[in-house]
Each structure stands twice: as structure tokens, then as C-alpha cells.
Amino acid sequence: MRKNNSKPKLTLTENFVFKSIFGSNTDILIDLLNSFPSFQGDKKIIDLTILNPEIPKGKLSEKLSILDIKAEDRSGNQFIIEMQTLGHKNFDKRILYYWSKVYSSNLKRGYKYEKLKKVYSFNFLDFNLLGKSKDFLSTFQILEAKHNFPLTDELEINIIELGKFFKGINDLKSNLDFWLFALKESENPDGKEMKTLVKKNPKIKKAITHFKEMSEADLKREEI
């Protein structure tokens, strides 16, 4: 039987839940990424290969563990996607360090620099990191300080702060809005608003279906 002090219900913002769903369903991950401004029009992602679909044993109980999703498109560009609920004061450095590791790993000894490919970093944060911005989405590149032109387009870091996303169901306009609302409201997957939302996007419906299956399995384990 489930005890009174049992753990809270699962949510899509828990890193192992996020990776379990988006790291094993390429179509869902592509739809999420294509909701960002960088992938509109002819820049849409057509195909992705998820490079690390497994969740290492022993990681589920580690709240600060890195359960990222690494993916690659048909051009060799790489993607780092991560959900984190707990931050620290050097989290910005952590993001940059992790991006640099993936970027540098593309170049094997003896290869030319032209072999390096663009690396996109997507950091979904269930805490506020950027005090200077009220926007829920911040996109960073390397820009010339005076004239604001990029040194290269091979670095793109996206920080998504869910705590700054306040839109209600009737205010949602873009596919990114739909996805962020789904992430924030996942505690109530059978609620009226979620039922309205899943009708707007079949990939969100698929993600919520998988999430509900995970939640039901977790509940059964607690009842044993």
C-alpha cells in the first residue's frame, strides 16, 4: 500500500522522465526542437539520430546527475538537450563547459578544423538562472561587442526558464508555447486544459500518453 509519506507524483520536468520520453522517441524530440525560432521554414529538422538513448543504471536517484540527450542530424550537427530542476551559482559555466566538450569531441586527432560541426545546446530549467532577462527563452551566440555580428554560427545555446513562462491555455499561440505549457502542467495530465492542449499537437499527445504510462507504472511500484 502507498504510505502517507510517499514520494510526489512524477512530472515531465524530472530529468529522468524527460530523457525517458524525449530520448527514446525521435519524432517527439524533433517536434519539440522544431518549435524553436532557429528551426523555422527551410531550416526545420528532418531527421535525428539519438546518440545516447539509455539511462545509466544508478542515475535515477541522483538529483544532480546529468541525464542529457545527445542527438545528431543528417549533416552531422549535434544537439544537447537537458532538463534540470536544481541549479547552482556556476550553472552558466557548466552549460558552456559541457557545450565545449561536445564541440571539441567532434575533431579527432589529425582531422582538419573544417570537420567541426555546429553544436546546439538546449537547457530546460525549472529554476531561474538569468536575472537580467524576463524572457522565458534566451538564445546565445558569440557576437562582436560593438557591431553585434557573429564570429561563427557554430555555437548556439538556448536557455529555457520554465519559471518565467506564465501563459494560460487561452494565450498559447506557437508550438513552443504548447510544449512549454505541457511541461509545466504535467502534474495534471488528465485535466481539462491538458485535454484541450493534446488536441492541438499529436506529438504532445504521444508524449503525454507515454508520461501517463510511466506515472501509472511508478504508482504500482509504490503500492507493492
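Read-outs: derived from the displayed coordinates by stated rules, not from any lab. Computed from a predicted model, the values in this text were never measured in an experiment. Neighbour counts are summed over all protein chains in view; Cβ atoms, including those assigned to glycine, are modelled from backbone coordinates with ideal geometry.
The table that follows gives values for the structure above.
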| item | result |
| --- | --- |
| Sorted peptide list for 10-17, 153-160, criterion being average Cβ within 10 angstrom, highest first | 10-17, 153-160 |
| Proportion of all alpha-carbon pairs of the chain beyond 22 Å (%) | 55 |
| Fraction of the pair-distance distribution of the stretch 108-166 above 13 Å, Cα-Cα pairs, percent | 68 |
| Full-stretch length increase - Lys167, Arg74 - with 0.36 nm per residue and alpha-carbon distance subtracted | 30.0 nm |
| Listed pairs Lys192/Lys220; Lys70/Lys101; Lys173/Lys205 exceeding 19 Å between Cα atoms | Lys192/Lys220 |
| Quarter of the Cα convex hull surface for the stretch 81-184, i.e. its orientation-mean projected area (nm²) | 8.5 |
| Order of Met194, Met214 - criterion: other Cβ atoms within 10 Å of each residue's Cβ, fewest first | Met214, Met194 |
| In the stretch 85-188, trypsin sites (Lys or Arg not before Pro) in a DSSP loop with at most 11 other beta-carbon atoms within 10 Å | Lys89, Lys108, Arg109, Lys112, Lys132, Lys134, Lys146, Lys173 |
| Rg over Rh, two decimals, the stretch 137-224 (C-alpha only, Kirkwood Rh) | 1.16 |
